[in-house]
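**Student:** Below is one structure. I have some questions about it.
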Amino acid sequence: MAGTITLTMIKPLAVSKGHTGAIITRIEEAGFRIVAMKYTRMSEEQAGRFYAVHRERPFYGSLVAFMSSGPIVAAILQKDNAVDEYRRLIGATDPAKAEPGTIRALYGTDLEKNAVHGSDSDENARVEASFFFSEMERF
Ligand code: UDP
Ligand code: MG
């Protein structure tokens, strides 16, 4: 199948609220193919590395604590123009400003606990995919 990849995480609060199945359904109904998927929990060190580009930002400490607070679902998704298409499906960073019907509008709680992560470029998608998945875990 043609296409590029993006990396998503269903964040801890969306998982603990029981939105995992609904979010995966939306992803598949939007035409993404699941290349890899795992249920896992990041340590603070791992979450800090994943979000290292934000380390100077005021929200970094809280974000790292939140993202390591419980299990997440990480997945590699494939589609034509996957990065932009997925960001369109999830909506704006702040769920209150996300388009109605987007995953963040539907399942996000606040600016930090906004249900899902999505890569912001093809290059970062590759780096983030390799953070979670080996070649043998991709299909
Ligand atoms: N975030 C936050 N406060 C902010 C901006 C971002 O808590 O003012 C969190 C939020 O969980 C977001 C993540 O940091 O998803 C990464 O921020 P980014 O600007 O990369 O947003 P995204 O690419 O996730 O839309
Ligand atoms: Mg980002």
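A short reminder: the numbers here are calculations on the coordinates, not readings from a lab. The structure presented is a predicted model; accordingly, all values stated were derived computationally and were not measured. Here the Cβ positions follow ideal geometry from the backbone for every residue, glycine too, while neighbour counts run over all protein chains shown.
**Student:** Within the chain, how many Lys pairs that are eight or more residues apart, or on different chains, come under 25 Å at the alpha-carbon?
**Tutor:** Value for the chain: 10.
**Student:** Quick check: net charge around Gly18, other residues with Cβ under 15 Å of its Cβ, Lys/Arg +1 and Asp/Glu -1? Numbers along the way, then the final one.
**Tutor:** On the way: positive: Lys11, Lys17, Arg26, Lys113; negative: none.
My count for the surroundings of Gly18 gives +4.
**Student:** Continuing with the same structure: If I take every Cα pair under 8 Å that is 6 or more residues apart in region 52-107, average their sequence separation and divide by the length, what percent do I get for the relative contact order?
**Tutor:** 18
**Student:** Taking R0 as 25 Å, what's the FRET efficiency between Arg138 and Asn81 from their Cβ-Cβ distance, rounded to 0.05?
**Tutor:** 0.80
**Student:** If I model a spin label as a point 7 Å beyond the Cα along the Cα-Cβ vector, how far apart are those points for Arg55 and Glu99 in nm?
**Tutor:** With each label point 7 Å from Cα toward Cβ, the separation is 3.5 nm.
**Student:** Sorted from fewest to most neighbouring beta carbons within 10 Å, what does the list Phe59, Phe66, Phe50, Phe139 look like?
**Tutor:** Phe139, Phe59, Phe66, Phe50
**Student:** Sticking with this structure for a sec: I want to verify the translational diffusion coefficient of region 58-139 in µm²/s; compute it with Stokes-Einstein, Rh as the Kirkwood radius over Cα pairs, at 20 °C and 1.002 mPa s.
**Tutor:** Values: Rh = 13.9 Å.
Answer from the Stokes-Einstein relation: 155 µm²/s.
**Student:** Residue-wise, which Karplus ³J(HN,Hα) couplings in Hz belong to region 112-128, taking 6.51 cos²θ - 1.76 cosθ + 1.60, θ = phi - 60°, and x for glycine or proline?
**Tutor:** Ordered by residue, 3J(HN,Hα) equals 7, 8, 9, 6, 8, 9, x, 4, 10, 7, 4, 4, 5, 4, 5, 5, 5 Hz.
**Student:** Right, another one. Tell me, rounded to the nearest percent, the portion of alpha carbon pairs in the chain spaced more than 21 Å apart. List each step's numbers first, then the result.
**Tutor:** Values: 3513 of 9591 pairs.
Result for the distance tail: 37 percent.
**Student:** OK, next. One-quarter of the Cα convex hull surface for region 67-112, in nm²? Write down the numbers at each step before the final one.
**Tutor:** Values: hull surface 15.0 nm².
Averaged projected area of region 67-112's Cα convex hull equals 3.8 nm².
**Student:** With 10 angstrom as the radius, rank Leu111, Leu89 by how many other C-beta atoms surround their C-beta, starting from the fewest.
**Tutor:** Leu111, Leu89
**Student:** Helix-only mean residue ellipticity at 222 nm, the chain, DSSP H runs n ≥ 4 weighted -39,500 (n - 2.57), per residue, nearest 500. What is it?
**Tutor:** Only helices count here, giving -10500 deg cm²/dmol.
**Student:** Sticking with this one: Separation of region 84-116 and region 35-76 by C-alpha centroid, Å?
**Tutor:** Going from one Cα centre to the other spans 17 Å.
**Student:** Quick one: compute the contact order of the chain, relative version, from alpha carbon pairs under 8 angstrom and 6+ residues apart, as a percent.
**Tutor:** On the way: 245 pairs, mean separation 51.5, N = 139.
Relative contact order comes out at 37 percent.
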